[in-house]
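First up is the structure itself, then whatever we jot down about it.
The values are calculated or read from the model by the stated rules, or taken from the named source; none is laboratory data. Given the structure is predicted, the values throughout are model-derived calculations rather than measurements. Because the Cβ atoms are built from the backbone with ideal geometry, glycine has one as well, and the counts that use them run over all protein chains shown. To get the accessible areas, we keep the full protein, side chains included, count just its heavy atoms, and leave off ligands, DNA and RNA. Shrake-Rupley method; radii C 1.70, N 1.55, O 1.52, S 1.80 Å.
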Amino acid sequence: MSSSNAIGVFDSGLGGLSAVKEFLHLLPAEKIIYFGDTGRVPYGPRSREIIQRYAMQDTSFLLTHHVKMIVAACGTVSSVAGAMLEEKLPVPYTGVVNPTAYTAVRKTKNGKIGVIGTAATVNSHSYKLRLQKLNPGVQVFEQACPLFVSLVENGIIHRDDQITRLVVRRYMAELKDNGVDTVILGCTHFPLLREAISDYMGADVTLVDSGYETAGYAAKVLRENGLLNEDASPKQPEFFVSDTPEGFESVAGLFLGRDMEHTVTQIDIEQF
């Protein structure tokens, strides 16, 4: 395996681009190949068997590009299929659960941690189990927030938008009432709602971004395995989707925080 090979990143849709943003910032010398399964999004409401099958197809596609590491930038896949991927993949793998949980345990002061994610992520209790393994004394409060994904993918994310504020209050009220001082943004869509969530929860509540934490952890794994790219010249990422690329650029620009000037290629994921 060559250190010049790319890092493969995938998600059920576009949320994983929030992790790609962090990769581009932390590891500008690394080539990123991103696959968003936009034709089958969302994964959150689907069964464990379907999510695992989709995850294997997604990673099979990335492996055709001879990637040196695979990152599931998706809370649902990490929660439901992470152990399977770690066992079966021939390259280093990480999801978002472990690095994010580790940071949350370090950040909390009162031992009360909130976890927000898709229904599949919350129902798997993956974050709760990991947090309590890291620190058996923490209290974990979980909340599924399925409408957050729809808000983000439709660009309804501004902190002053009435719809955004109403949905945030609907989902976050119980966590606030329970006095959490740390909230895991357990879906890579959710950092785009960071300002609205922070406004409601208050400045004393720490929000932990799963995309940021995962990018940092992936850099550590690559370094430990001698797989960091020694060619420091900036690399252009490549983007693949399973549905029409139309509309991808505008939404992707929200996630990446910059104009999209890269080619987006549609593939038939069912072939893998």
Considering only residues of segment 95-139 that are of a type in the set (Gly, Ala, Ser) and crowded, with 24+ Cβ neighbours inside 10 Å, which is nearest to residue 201 (Cα to Cα)? 114
Give the residue that is surrounded by the fewest Cβ atoms within 10 Å (Cβ to Cβ), with candidates limited to residues of segment 21-53 that are of a type in the set (Val, Ile, Thr) and modelled with pLDDT of 95 or more. 50
Hits in segment 234-248 (condition: closer than 18 Å to residue 25 by Cβ, open to solvent by less than 50 Å² (accessible area, probe 1.4 Å) and either without any contact (Cβ under 8 Å) to a residue 60 or more places away in the chain or not hydrophobic (A, V, I, L, M, F, W, C) (or both)): 235, 237
Do we have residue 194 as within 25 Å of residue 138 (Cβ to Cβ) and in a helix (DSSP H, G or I) here? yes
Answer with yes or no whether residue 51 is part of a strand (DSSP E or B) and either over 25 Å from residue 201 (Cα atoms) or in contact with a Cys (Cβ under 7 Å, 6 or more places away or on another chain) (or both). no
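Go through 75, 16 for me and flag whichever is under 27 Å from residue 230 (Cα atoms), at pLDDT below 95 and open to solvent by less than 10 Å² (accessible area, probe 1.4 Å).
Result: 16 is the single residue among 75, 16 that is under 27 Å from residue 230 (Cα atoms), at pLDDT below 95 and open to solvent by less than 10 Å² (accessible area, probe 1.4 Å).
Is at least one residue of segment 201-217 charged (D, E, K, R), open to solvent by 30 Å² or more (accessible area, probe 1.4 Å), under 20 Å from residue 117 (Cα atoms) and assigned to a helix (DSSP H, G or I)?
yes
When you scan segment 107-128, do you find a residue that is free of Cβ contacts under 8 Å to residues at least 12 places away in the same chain and either of a type in the set (Asp, Glu) or out of contact with any His (no Cβ under 8 Å at 6 or more places or on another chain) (or both), even just one?
Checked against the condition, which is being free of Cβ contacts under 8 Å to residues at least 12 places away in the same chain and either of a type in the set (Asp, Glu) or out of contact with any His (no Cβ under 8 Å at 6 or more places or on another chain) (or both), segment 107-128 yields no hits at all.
Name the single residue, out of those in segment 145-156 being within 17 Å of the chain's Cα centre (by Cα) and surrounded by fewer than 20 Cβ atoms within 10 Å (Cβ to Cβ), that is farthest from residue 193 (Cα to Cα).
Result: 146.
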Consider residue 171 carefully, then state whether it is outside any loop (DSSP other than H, G, I, E, B), open to solvent by 20 Å² or more (accessible area, probe 1.4 Å) and free of Cβ contacts under 8 Å to residues at least 60 places away in the same chain. yes
Yes or no: segment 218-230 includes at least one residue that is acidic (Asp, Glu), open to solvent by less than 40 Å² (accessible area, probe 1.4 Å) and at negative phi. no
Taking segment 174-187 and keeping only residues that are among the hydrophobic types (A, V, I, L, M, F, W, C) and part of a helix (DSSP H, G or I), one is left with 175
Residue list for segment 144-168, filter: within 20 Å of residue 51 (Cα to Cα) and outside any helix (DSSP H, G or I): 144, 145
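How about segment 249-266: which of its residues are open to solvent by 50 Å² or more (accessible area, probe 1.4 Å) and either at pLDDT 95 or above or not in a helix (DSSP H, G or I) (or both)?
Of everything in segment 249-266, those that are open to solvent by 50 Å² or more (accessible area, probe 1.4 Å) and either at pLDDT 95 or above or not in a helix (DSSP H, G or I) (or both) turn out to be 257, 258, 259, 261, 263, 265, 266.
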